[in-house]
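Undergrad: Dropping the structure in here first, questions after.
The values are calculated or read from the model by the stated rules, or taken from the named source; none is laboratory data. Here the structure is a predicted model, which is why all the values come from computation and not from measurement. Here the Cβ positions follow ideal geometry from the backbone for every residue, glycine too, while neighbour counts run over all protein chains shown.
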Amino acid sequence: MFKRPIAILVLLAAFILWELACRVFDVPSYLLPKPSEVIVAAINFGGNWWSAITETFLTVMCGFGLALLIGFPLAILISHSPFAYRAIYPFLVIKQSTPIVAVAPIIIVVGGTGLVAKSVVAATVAIFPIVVATATGLMATPKEFLELARSVHDHPRKALLRIRLPFAVRYIFSGLRVAITLAVIGAVVAEFVSAGRGLGYLVYSSTAFMNTPMAFAALLVLGFLGLVLFSLVGIIQALLFPWASEMPAAGAADA
Amino acid sequence: MLAAEPAIACDGIVKVFGSGTDALTILRDASFVVRHQEFVSILGSSGSGKSTLFRFIAGLLKPTSGHIKILGREVEGPRDDVTLMFQNPTLFPWMSVLDNVLFPISYRFGRPTREQQAYARDLIATVGLAGKEKFSPSQLSGGMQQRVALARSLVRHPRIILLDEPFSALDEMLRENLAIDVHRILSKAECTVVLVTHSISEAVLLSDRVLILAGAPASITDVVAVDLPRPRTVATLDHPAYADACRTLRAAMRRNFQEAADV
Ligand SMILES: Nc1ncnc2c1ncn2[C@@H]1O[C@H](COP(=O)(O)OP(=O)(O)OP(=O)(O)O)[C@@H](O)[C@H]1O
Ligand SMILES: [Mg+2]
């Protein structure tokens, strides 16, 4: 994202256009604030940003971690047995098509407004892409890879760790990229509901007090946080698994 | 091991894929024997069941009926002294060329010894890829990948080696040269070799006998002995018996093709 100056130029142009439009049509700032007002609001908020950002970041990371902790074993189970697949998959789909906005209040009521409950909300949305991507990757392992391993040593657990999982890395990371952005959404929803701290709560409370410039500022910071986390996942993939990005070319099994 | 026992004995192999109305019989009563240190080629049209047959011999798949014995023992699963080189290179993209070649050792026993590593490097050089040990498979052409797979299938000193169209992605010249190299290496290693190929000339150049797998469902319809001296070299190509064997095989292939068309 940051490697593409064109995206930054587009963003700048949009801001300038927005500023001009607000000035020309004289839009009241509680409806649509000018970018300059948003910046002023952001600067005035000063040191409070730090606690808001860390709060949301913590919820996102804990939720994401929880989703990984539950998602990986679940994906392995699903890819392992057709029975588990049929037993678990429908529930995942039902879970995914139930709006998190409807589920979050229940979780917060049951679990309280602490980090744990909020992380659970974030994990609830993030888990689906992790499970689906991981299970898909594990199941997509070329038959010949597994046959080759089996002809050397018939050891299913070894094959999972040394053949299936490495093969699935590319799939897993595409799932993780989606999951991390969903975790941000989940965290924000949890903060909306739990009315505590964090960037989500900042958006919510600023809107309630008609402080629209502040709401916009929080929104932009939130978007930036999402972008950074998303890019981070890509960077980790490139650092730890450089071969995974060039895998299609080496998909030797269907050469 | 009893030298009197054939290296491979396939007896009445039948394979049916699927069941009920979807059942598809691929092989019908395929029987043949491969003797100790013999080089046998299997010629057969695409889809006749050659790769499937190899999976039986390698212990990766069970035939619907029939018996396969290796060195006198019924095949029950993969054996250490039998390696199958797959039709596709099947290289792991997360490993270097060297690590791919060493995979049969490292996957089973952990870190390879110095001697094993040195041997793997020798094999890589033999297949013409010296200096490419640290390359990733994605940096290699299809033919180079096949050669890495070939080196890998030799790393554990197999007694029986099954080569499923190992040279199909190579150009004619390289193919001939590499085939002769492989023949020399495998003869020296006293390997028993079964090679699947679509090329009549390649089969004749390398083999002691050529089997034709034909029909639908397929079985071994012809066995052609190739009476050419070992070692096989480029000079073999000019031997009168070479042309004779090619002619005989081509005629047999034509006859099978014709019979298939007549049905
Ligand atoms: N797992 C399977 N399930 C169902 N049918 C299969 C399976 N594996 C192979 N077949 C069928 O068996 C037949 C023979 O396949 P096989 O791969 O052995 O052919 P082949 O002789 O190696 O062909 P080629 O020369 O193209 O490699 C094909 O018709 C294929 O569709
Ligand atoms: Mg085949």
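Undergrad: Looking at this structure, is B:S219 in contact with a Ser or Thr (Cβ under 9 Å, 6 or more places away or on another chain) and over 18 Å from B:G47 (Cβ atoms)?
TA: Values: in contact with a Ser or Thr (Cβ under 9 Å, 6 or more places away or on another chain): yes; over 18 Å from B:G47 (Cβ atoms): no.
Spelling it out, it is not the case that B:S219 is in contact with a Ser or Thr (Cβ under 9 Å, 6 or more places away or on another chain) and over 18 Å from B:G47 (Cβ atoms).
Undergrad: To continue, here is another question. Scan the stretch A:189-207 and give yes if some residue there is surrounded by fewer than 17 Cβ atoms within 10 Å (Cβ to Cβ), among the small types (G, A, S) and within 14 Å of chain B (Cβ to nearest Cβ), otherwise no.
TA: No; the residues of the stretch A:189-207 include none that is surrounded by fewer than 17 Cβ atoms within 10 Å (Cβ to Cβ), among the small types (G, A, S) and within 14 Å of chain B (Cβ to nearest Cβ).
Undergrad: Continuing with this model, one more query. Scanning the stretch B:205-227 for residues that are in contact with a Phe, Trp or Tyr (Cβ under 9 Å, 6 or more places away or on another chain) and away from ligand 1 (no atom under 16 Å from the Cβ), which turns out farthest from the other protein chains (Cβ to nearest Cβ)?
TA: B:V226
Undergrad: Please indicate, with yes or no, whether at least one residue in the stretch B:34-42 is in contact (Cβ under 8 Å) with a residue 60 or more places away in the chain and within 15 Å of ligand 1 (Cβ to nearest atom). Break it down into steps so the answer makes sense when it comes.
TA: Taking the stretch B:34-42 as the starting set, the residues that turn out to be in contact (Cβ under 8 Å) with a residue 60 or more places away in the chain are B:34-42.
Checking which are within 15 Å of ligand 1 (Cβ to nearest atom) leaves us with B:41-42.
For the stretch B:34-42, residues in contact (Cβ under 8 Å) with a residue 60 or more places away in the chain and within 15 Å of ligand 1 (Cβ to nearest atom): present.
Undergrad: Is it the case that B:E202 is surrounded by fewer than 18 Cβ atoms within 10 Å (Cβ to Cβ) and away from ligand 1 (no atom under 13 Å from the Cβ)?
TA: It is false that B:E202 is surrounded by fewer than 18 Cβ atoms within 10 Å (Cβ to Cβ) and away from ligand 1 (no atom under 13 Å from the Cβ).
Undergrad: Right, something else. Is it true that B:P166 is within 14 Å of chain A (Cβ to nearest Cβ), within 16 Å of ligand 2 (Cβ to nearest atom) and farther than 26 Å from A:H155 by Cβ?
TA: yes
Undergrad: A follow-up question, please. Being out of contact with any Pro (no Cβ under 8 Å at 6 or more places or on another chain), within 15 Å of ligand 2 (Cβ to nearest atom) and closer than 26 Å to B:N256 by Cα: is that true of B:I68 here?
TA: Here the answer is no, as B:I68 does not meet what is asked.
Undergrad: Which of the residues spanning the stretch B:103-137 are within 25 Å of B:V193 (Cα to Cα) and within 11 Å of chain A (Cβ to nearest Cβ)?
TA: Hits for the stretch B:103-137 are B:F103, B:P104, B:I105, B:S106, B:Y107, B:R108.
Undergrad: Across the stretch B:186-199, what is the total count of residues that are buried (at least 18 other Cβ atoms within 10 Å of the Cβ) and more than 15 Å from ligand 1 (Cβ to nearest atom)?
TA: Looking only at that region, the number is 4.
Undergrad: Continuing with the same structure: Tell me, please, whether a residue that is under 22 Å from B:V210 (Cβ atoms), away from ligand 2 (no atom under 16 Å from the Cβ) and away from every other protein chain (no Cβ under 14 Å) can be found in the stretch B:43-63.
TA: No: the stretch B:43-63 contains no residue that is under 22 Å from B:V210 (Cβ atoms), away from ligand 2 (no atom under 16 Å from the Cβ) and away from every other protein chain (no Cβ under 14 Å).
Undergrad: Any idea which residue in the stretch B:11-33 is nearest to ligand 1 (Cβ to nearest atom), counting only those that are surrounded by 22 or more Cβ atoms within 10 Å (Cβ to Cβ) and over 21 Å from B:H198 (Cα atoms)?
TA: Within the stretch B:11-33, the match that is nearest to ligand 1 (Cβ to nearest atom) is B:K15.
Undergrad: Would a scan of the stretch B:89-101 turn up a residue that is within 16 Å of ligand 1 (Cβ to nearest atom) and within 22 Å of A:F145 (Cα to Cα)?
TA: The answer is yes; a qualifying residue exists.
Matching residues to (1) at pLDDT below 90; (2) surrounded by fewer than 20 Cβ atoms within 10 Å (Cβ to Cβ); (3) over 29 Å from B:L237 (Cβ atoms):
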site: B:G131; (1), (2), (3): no, yes, yes
site: B:G142; (1), (2), (3): yes, yes, no
site: B:Q145; (1), (2), (3): no, no, no
site: B:P158; (1), (2), (3): no, no, no
site: B:D164; (1), (2), (3): no, no, no
site: B:M173; (1), (2), (3): yes, yes, no
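Undergrad: Checking the condition farther than 30 Å from B:L24 by Cβ and free of Cβ contacts under 8 Å to residues at least 12 places away in the same chain, which residue from B:D227, B:D238, B:D262 passes? It would help to see each step written out before you state the result.
TA: Values: B:D227 fails: free of Cβ contacts under 8 Å to residues at least 12 places away in the same chain; B:D262 fails: farther than 30 Å from B:L24 by Cβ.
Within the list B:D227, B:D238, B:D262, the selection yields B:D238.
Undergrad: Next question, about the same structure. Hey, can you tell me all the residues within the stretch B:9-34 that are among the small types (G, A, S) and more than 18 Å from the chain's Cα centre (by Cα)?
TA: B:G12, B:G18, B:S19, B:G20, B:A23, listed by residue number.
Undergrad: Still on this structure, I have one more. Among the residues that make up the stretch B:228-250, is at least one of them among the β-branched types (V, I, T) and under 26 Å from B:R55 (Cα atoms)?
TA: Among the residues of the stretch B:228-250, not one is among the β-branched types (V, I, T) and under 26 Å from B:R55 (Cα atoms), which makes the answer no.
Undergrad: Restricting attention to helices (runs of 4 or more DSSP H) lying wholly within the stretch A:152-255, give those where 2 or more residues are under 30 Å from B:D80 (Cβ atoms) and of a type outside the set (S, T, Y).
TA: It comes to A:156-159, A:165-194.
Undergrad: For B:I200, state whether it is in contact with a Cys (Cβ under 6 Å, 6 or more places away or on another chain), among the β-branched types (V, I, T) and touching a residue at least 60 places away in the same chain (Cβ under 8 Å).
TA: yes
Undergrad: Evaluate the following for B:V82: is it away from chain A (no Cβ under 14 Å), surrounded by 15 or more Cβ atoms within 10 Å (Cβ to Cβ), more than 13 Å from ligand 1 (Cβ to nearest atom) and within 25 Å of B:R230 (Cα to Cα)?
TA: Answer is no for this residue.
Undergrad: Which ones in the stretch B:25-39 are assigned to a strand (DSSP E or B) and away from ligand 2 (no atom under 16 Å from the Cβ)? Steps first, please.
TA: Within the stretch B:25-39, the subset assigned to a strand (DSSP E or B) is B:25-34, B:39.
Within the stretch B:25-39, B:T25, B:R28, B:D29, B:S31, B:F32, B:V33, B:V34, B:F39 qualify.
Undergrad: Restricting to the stretch A:1-56, give me the number of residues that are surrounded by fewer than 14 Cβ atoms within 10 Å (Cβ to Cβ) and outside any helix (DSSP H, G or I).
TA: Number satisfying all stated conditions: 10.
Undergrad: When the stretch B:43-78 is examined, which residues are found to be buried (at least 16 other Cβ atoms within 10 Å of the Cβ), free of Cβ contacts under 8 Å to residues at least 40 places away in the same chain and basic (K, R)?
TA: Answer for the stretch B:43-78, where residues must be buried (at least 16 other Cβ atoms within 10 Å of the Cβ), free of Cβ contacts under 8 Å to residues at least 40 places away in the same chain and basic (K, R): just B:R55.
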